[in-house]
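A quick write-up on the structure given underneath.
The values are calculated or read from the model by the stated rules, or taken from the named source; none is laboratory data. This one's a predicted model, so the numbers in the text were calculated from it and none came from an experiment. Heads up, the Cβs are rebuilt from the backbone with ideal geometry, glycines too, and the neighbour counts pull from every protein chain shown. SASA here: full protein model, heavy atoms, side chains in, ligands and nucleic acids out. Shrake-Rupley method; radii C 1.70, N 1.55, O 1.52, S 1.80 Å.
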Amino acid sequence: MRWQSFRNALLQIHLWVALILCAPMVIIGLSGSALLLQREILAASIPSADAAGTRQPIPAIVAAAQRSAPTGMIANRVELPLRDGAASAVRFKPLSEDGASIDVYVDPVSLKILGSSEVVERGPVLAFFITIHAFLAMPPPIGLPFVGWMGVVMTLMGLSGLVLWWPRKGQWRQSFLVRRGTRGLAFHFDLHRVAGIWGLLVFLAVSISGIYLTFPQTIGPFVRAHLPGGETTTEPQAGYVPAPGPIGPEEAIALAHSAVPNARAAGVELPSSEKSFVVDLEPRDLGPTEPPVLVVLDAESGAVTYIDDPRNYSFVEKLLNWQHLLHFGVGLGWLWMILVFLSGLLPSLLAITGITVWWKRRQARSAIARADAGAVEPAQ
């Protein structure tokens, strides 16, 4: 009896919180999916390389890109292809602080220029969706904490939904499926429960990580104070042999590969006033591919001056890093990216089915009340 009373009270809370806050939850979810989709569209819009074969040396790629770059710009970074058919991107920055950087896309085998684009940190479409997703179009000091607390609400909605879904003995199998032949109220009820349970883990991961990303200065120190930390290894792996300088970009990549195991070069930042190469390496073991491993090498001496390998972070720092990966659907493969995209659509489906169930039940109760009233009137 106590359990039934608790369940009924929880159902009322779940219902009314959903009715009151379904609009912001739906908007946050849809805008998050739109941001992920736009990111993938932009990545797919980069031209593909035609030629197959061995990549040309980086100086040759930079020289080819330089010929088509505007005057007064210098190359400061080269993105390397991680798969066959991918282009290399050479980023040029203006000599002065005015003006935007430009990416020139080069076929890394044939050195053919494939196109170029201005580097825009935040275009109008991206800015719109970020404003909606992160602030709900409110001023940031108001919108950001509101969205963070909405993450708390969405987490509690997911957990309360799990309690309400929990099947009775002998009913587990049908609780994961929409019953065949159901229509109307029964169909919407089944779809609400089934969509909620199948999407719950991803929904909770995205919601909880969103809370941390909104309040990192509050949650981060608390987590670090209560979970084990430790020192990060910053030395090259055993057996690393430094090379005498000066070095070029190809030597910098070779040395970075020698200093860090199980990783492949994804990009290299060319020396500027600091006279250092910064090589980005993508981890190749079973862990996430982001954030990249950073290896800094002195261009004059060839010495490794700094290594930042996220695989060597302490448990707590890895845990906090994972919040970014989980929320944005990056570094964990295409399957997780698709699941995160679908989790943004889930609040809309749950809102439609949940409100439909509530409305149909309300109509049914009203019809019963009217029928009862009609039956009583003749007797009077």
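Rounding to the nearest 20 debye, state how big the charge dipole of the chain is about its Cα centre with +1 on each Lys and Arg Cβ and -1 on each Asp and Glu Cβ.
On the way: 29 positive and 28 negative charges, 580 e Å.
The dipole of the chain has a size of about 2780 debye.
Of the GluC sites (Glu not before Pro) found in segment 212-313, the ones in coil according to DSSP and having at most 14 other Cβ atoms within 10 Å of their Cβ are 231, 274, 300.
Averaging 1/r over each pair of different alpha-carbon atoms in segment 104-167 and inverting the result gives 15.7 Å, the Kirkwood hydrodynamic radius. With r defined as the distance between the Cβ atoms of residue 142 and residue 37 and R0 fixed at 22 Å, what FRET efficiency is calculated, to the nearest 0.05? After rounding, the FRET efficiency stands at 0.20. Segment residue 308..residue 2, full-extension length gain: 104.7 nm, with 0.36 nm per residue of separation and the alpha-carbon distance subtracted. A crude spin-label estimate for the pair residue 153 and residue 19, with each label 7 Å from Cα along the Cβ direction, gives 1.5 nm. Once the chain from residue 97 to residue 76 is taken as fully extended at 0.36 nm per residue, the excess over their C-alpha distance is 6.2 nm. Look at the alpha carbon pairs under 8 Å that are at least 6 residues apart: their mean separation over the length of segment 202-305 gives a relative contact order of 23 percent.
Ordering 166, 322, 336 by accessible surface, largest first, gives 166, 322, 336; the 1.4 Å probe counts only protein heavy atoms, with every chain in place.
Counting only heavy atoms of the protein chains, get the accessible area per residue of the chain (1.4 Å probe) and round it to a whole Å² value.
Numbers: 21990 Å² over 380 residues.
Spelled out: the 1.4 Å probe surface of the chain, per residue, equals 58 Å².
For segment 127-194, the list of trypsin sites (Lys or Arg not before Pro) that fall in a loop by DSSP and count at most 16 other C-beta atoms within 10 angstrom reads 168, 169, 179, 180, 183. For segment 91-183, with the dipole built from +1 on Lys and Arg beta-carbon atoms and -1 on Asp and Glu ones, taken about the Cα centre, which of 147, 96, 166 lies farthest toward the positive end? So the residue we want is 166. Computed from backbone phi, the HN-Hα couplings of segment 186-202 come to 4, 5, 5, 5, 4, 5, 4, 5, 5, 4, x, 6, 5, x, 4, 4, 5 Hz, rounded to whole numbers (Karplus: 6.51 cos²θ - 1.76 cosθ + 1.60, θ = phi - 60°; Gly and Pro given as x).
Averaging the sequence gap over all C-alpha pairs within less than 8 Å and six or more residues apart, then dividing by the number of residues, gives the chain a relative contact order of 18 percent. In vacuum, with every alpha carbon of segment 202-241 counted as one equal point scatterer, what does the Debye formula give for log10 I(q)/I(0) at q = 0.14 Å⁻¹? Two decimals, please. Here log10 of I(q) over I(0) equals -0.54.
A straight Cα-to-Cα reach below 30 Å connects residue 169 with the lysines 360, residues fewer than 8 places away in its own chain not being considered. Once the Cβ-Cβ distance of residue 175 and residue 120 is raised to the sixth power relative to R0 = 45 Å, the FRET efficiency obtained is 0.40.
In cubic angstrom, how much convex hull volume per residue do the alpha carbon atoms of segment 74-131 span? Intermediate results must be reported in sequence, preceding the final value.
Details: hull volume 6.6 nm³, N = 58.
With only Cα atoms used, segment 74-131 gives 114 Å³ per residue.
Shape summary: segment 271-341 maps onto an equivalent ellipsoid whose semi-axes, from the alpha-carbon gyration tensor, are 29, 13, 10 Å in decreasing order. Phi-derived couplings, Karplus 6.51 cos²θ - 1.76 cosθ + 1.60 at θ = phi - 60°, listed residue by residue for segment 3-16: 4, 5, 5, 5, 5, 5, 5, 5, 4, 5, 5, 4, 5, 6 Hz, with x used for Gly and Pro.
Each 10 Å bin from 0 upward holds the following percent of the Cα-Cα pairs of the chain: 4, 17, 23, 22, 15, 9, 5, 2, 1, 0, 0.
Report the extension gain between residue 44 and residue 240 in nm, rounded to one decimal, defined as 0.36 nm multiplied by the number of residues separating them, less their alpha carbon distance. Walk me through the intermediate numbers first.
Working: separation 196, 0.36 × 196 = 70.56 nm, distance 3.74 nm.
Result for the pair: 66.8 nm of gain on full extension.
Each residue of segment 141-268 gets 272 Å³ once the volume of the Cα convex hull is shared out per residue. Ordering 185, 71, 306 by Cα displacement along the dipole of the chain toward the positive end leaves 185 in first place; charges were set at the Cβ atoms of Lys, Arg (+1) and Asp, Glu (-1).
Highest mobility in the GNM of the chain, judged by mean-square fluctuation with C-alpha springs under 10 Å and restricted to 32, 72, 229, is found for 72. Inter-label distance, residue 335 to residue 84: 2.5 nm, where each label sits 7 Å from its Cα along the C-beta direction. Ordering 281, 347, 329 by Cα displacement along the dipole of segment 254-349 toward the positive end leaves 347 in first place; charges were set at the Cβ atoms of Lys, Arg (+1) and Asp, Glu (-1). A simple charge model with +1 on the Cβ of Lys and Arg, -1 on the Cβ of Asp and Glu and nothing else charged puts the dipole of segment 160-311 at about 1960 debye relative to its Cα centre.
Candidate cross-link partners of residue 112 among the lysines, defined by an alpha-carbon separation under 27 Å and a same-chain spacing of 8 or more, comprise 93.
Dimensions of segment 68-174 based on its C-alpha atoms, expressed as ranges along the principal axes with the largest first, amount to 71, 40, 19 Å.
Of the heavy-atom accessible surface of the chain (probe 1.4 angstrom), what whole percent is carbon and sulfur?
Working: 14000 of 21990 Å².
Ligands and nucleic acids excluded, carbon and sulfur reach 64 percent.
Applying the Karplus relation 6.51 cos²θ - 1.76 cosθ + 1.60 with θ = phi - 60° to segment 288-305 yields 3J(HN,Hα) values of x, 8, 10, x, x, 7, 10, 10, 9, 10, 6, 5, 7, 9, x, 7, 7, 9 Hz, where x marks Gly and Pro. Set the Förster radius R0 to 35 Å, insert the Cβ-Cβ distance between residue 373 and residue 128 as r into 1/(1 + (r/R0)^6), and round the FRET efficiency to 0.05. E between residue 373 and residue 128, to the nearest 0.05, is 0.10.
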